[in-house]
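Here's the structure, in structure tokens; my notes come after.
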Amino acid sequence: MSKKIIELVNVTKRFNGVTAVNNINLYIRENEFVTLLGPSGCGKTTTLRMIGGFEDPDEGDIFFDGVRINDVPPYKRNINTVFQRYALFTHMNVYENIAFGLRIKKVPKDEIDRRIKRMLKLVDLEGFENRHVDSLSGGQQQRVAIARALVNEPKVLLLDEPLGALDLKLRKEMQIELMDMQKNVGITFIYVTHDQEEALTMSDTVVVMNNGVIQQVGTPVDIYNEPVNRFVADFIGESNIIEGVMIEDFVVEFSGRKFKCLDKGFSHNEPVDIVIRPEDIDITEPEKGLIQGVVTSVVFKGVHYEMLVEGGGFEYMIQSTDMAPVGANVGLTFNPEDIHVMKRGS
Amino acid sequence: MKNRARILAYPYIVWMIIFIVVPLLLVLFYSVTEGNINDPSSLSFSLKSYTRVFDIMYLNVIWKSFKLAIISTLFCLILGYPVALIISTVKARYKNIVLMFFLVPIWMNFLLRTYAWMSILSPNGFINRLLTFLGLPPLQIMPGQTAVILGMIYNFLPFMVLPIYTVLSKIDKSVLEAAMDLGANKIVTFIKVILPLTVPGIISGITMVFMPAVSTFVISQLLGGGKELLIGNLIEQQFTVQRDWHFGSALSIILMIMILISMAIMSKVEKDDGNGGAPIW
């Protein structure tokens with residue numbers, strides 16, 4: 001495992017008495033692509049801005065490469081940021097924008113030239129040196145902002161919802177480009193987004209936040225398949241969250257019957273929340289199903305149908321390429337590994 | 001729709017013609033004629049009024065007008081920029097209050113403000129009484145150029161502060177954060193980002209201060225004590241005392257041309273490096 005480059009210890013930030021970030025602990029390893037994910041107001045941007053040095057934590061410490069940096073101003077941190085609305089210098093052309101940081105560091109002219117050439121190639125903007133930034137499209141401006149930050153060869157790059165202003169197609173392209181860039185330059189990326197799909201696509205590690213508290217840290221697969229609580233399950237993808245009781249290890253009861261599952265370590269008869277992803281449920285003939293129900297709604301989504309089935313005291317959402325019409329009696333089946341048992345949240 | 005909008009513009013066009021175009025043409029007409037203005041038949045074409053302007057005495061007056069206007073514009077810029085910067089960094093809650101402090105004097109009558117300065121600067125005014133009270137020798141500020149410059153700075157400072165403040169307040173805070181992020185401390189951020197982005201505001205401010213300053217006659221009359229004759233006073237005298245409308249008109253036209261030339265130079269400067277932000281007019 002590579003070493004920890006950034007570490008947050010018991011960090012709290014309040015704005016006018018409102019707690020934005022509440023006592024979080026987090027470390028980020030070198031060369032990792034980490035995403036802070038959560039709804040707006042969850043504290044993800046505040047966390048990023050504290051790492052960048054634009055906000056001071058009220059409590060706790062931030063370490064960079066093992067050194068406490070709470071009191072180090074942004075211009076002395078070996079960290080660069082790609083801002084949400086690009087924040088390009090509108091009085092400069094593309095070349096001067098990218099050269100800004102290097103000129104301040106008094107890098108020799110020919111080296112500035114060389115590094116900018118390489119950056120423009122990396123972000124696919126060769127020949128745009130003398131263009132005025134106002135004349136660029138959103139995607140191009142975004143790439144200038146990325147080049148302007150990356151050209152300084154920071155150890156850590158912070159990205160604050162950098163693709164938020166782009167349309168869907170461009171966003172998808174830029175996601176792939178950013179992932180490639182991160183692999184090529186070998187820099188730690190800390191990425192903030194509220195888009196769970198973006199987080200799952202791009203990250204090595206996802207940090208899910210809500211109300212200023214870290215809910216779960218894990219790989220995209222872990223976060224999706226093993227959400228630790230109702231919030232994470234609900235925020236990441238579509239899910240059926242059913243209340244149930246953990247009878248004993250590997251046996252859980254919900255919708256009026258007992259099911260085999262792979263979860264253990266709960267106390268006897270502990271009330272739990274159960275997550276079953278809509279795509280993990282199949283529909284069959286009623287007598288073959290684990291749960292019987294009636295189809296109440298069918299929506300065609302392109303790749304699959306999305307159906308609601310009323311049964312077992314719950315309305316299950318099912319995503320399937322098979323379709324049953326509204327009013328049909330169906331059975332629902334799923335495998336023990338599709339049942340995810342979580343501790344009941346407060 | 002388009003026609004109806006055009007109808008709405010007619011009163012304004014009539015107004016413009018009666019009060020701006022016609023007087024301008026009359027000024028132009030008087031400047032290129034000579035004779036008795038009350039007897040139209042005696043008027044004949046002549047450029048004598050223009051050649052008179054090149055008398056060394058009048059050239060000196062024009063030179064002095066420009067000198068005083070440039071000095072007071074520079075001082076307005078030096079004083080006004082930091083003021084605008086401070087107002088723009090004040091917390092939003094107090095911003096309007098601070099802005100009010102700078103705007104309230106504008107609401108007072110221009111003459112009243114200048115008279116107030118007379119009572120401060122005059123030989124028996126507030127400053128000299130204070131100095132005498134402290135046992136110090138009195139100062140001879142008024143009448144004089146210093147008093148005129150002080151009066152101009154005081155009266156025109158808000159016209160420098162406002163346009164600069166407007167442009168400053170439009171700068172996206174994240175642009176300043178980006179500069180810091182890229183290694184610029186506060187001073188470098190100011191020189192490399194804030195200052196260039198506010199060039200349009202500076203240009204507007206300079207224009208709005210310089211134009212009234214170069215053509216003023218009230219301030220120079222009251223605070224200069226009649227000793228500091230500026231081009232504005234000269235023009236006023238031609239129309240009121242000398243009754244020489246031809247020469248007065250020629251002086252007005254020349255002043256106008258010079259202002260237009262300075263503005264053209266200004267807007268050229270603005271186009272060259274003031275790409276950021278929109279000028280306020």
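So if R0 is 41 Å, what FRET efficiency would A:LYS288 and A:GLU173 give, r being the distance between their Cβ atoms, rounded to the nearest 0.05? The partial results should precede the final answer.
On the way: r = 44 Å, r/R0 = 1.08.
Computed FRET efficiency for A:LYS288 and A:GLU173 comes out at 0.40.
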Using alpha carbons only, how many angstrom separate the centre of the range B:60-128 from the centre of the range A:225-277? 73
Honestly the protein assembly as shown on the Cα gyration tensor test (a ≥ b ≥ c root eigenvalues; a/c under 1.5 rounded, otherwise a/b vs b/c for prolate or oblate) is just prolate
If we count other beta carbons within 10 Å of each Cβ, what is the order of A:ILE339, B:ILE20, fewest first? B:ILE20, A:ILE339
So what are the range B:58-273's ellipsoid semi-axes, whole angstrom, largest first, if each one is the square root of 5 times an eigenvalue of the alpha-carbon gyration tensor? 35, 25, 14
I need the trypsin sites (Lys or Arg not before Pro) found in the range A:65-108, filtered to DSSP loop residues with at most 13 other beta carbons within 10 Å of theirs. A:LYS105, A:LYS106
Once amide hydrogens are built 1.01 Å from N within the peptide plane, the residues lying 5 or more places from A:ALA20 or on another chain with amide H under 5 Å from its amide H are A:LYS13, A:ARG14, A:PHE15
Low-density loop positions, trypsin sites (Lys or Arg not before Pro), the range A:238-297 - DSSP coil, at most 11 other Cβ in 10 Å: A:LYS264
Low-density loop cleavage sites - trypsin sites (Lys or Arg not before Pro) in the range B:49-137, where at most 13 other Cβ are within 10 Å (DSSP): B:LYS91
Per the helix-only calculation at 222 nm, which mean residue ellipticity applies to the protein assembly as shown, given -39500 (n - 2.57) for every DSSP H run of n ≥ 4 and division by its residues, nearest 500 deg cm²/dmol? -14500 deg cm²/dmol
Using r as the Cβ-Cβ distance of A:SER267 and A:GLU337, and R0 as 22 Å, what FRET efficiency do you calculate, to the nearest 0.05? 0.45
Describe numerically, in nm with one decimal, the distance between label points set 7 Å from Cα along Cα→Cβ at B:ILE106 and at A:GLU310. 6.7
Using a Förster distance of 41 angstrom, determine the FRET efficiency expected from the C-beta separation of A:MET323 and A:VAL9, and round it to 0.05. 0.20
If you average the C-alpha positions of the range B:201-215 and of the range B:1-56 separately, how far apart do those two centres end up, in angstrom? 25
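Any read-out appearing in this document is the output of simple, stated calculations on the displayed coordinates, not a laboratory observation. Note that the coordinates shown come from a computational prediction; the quantities given were computed from them, not determined experimentally. So basically every Cβ, Gly included, is an ideal-geometry build from the backbone, and we count neighbours across all protein chains shown.
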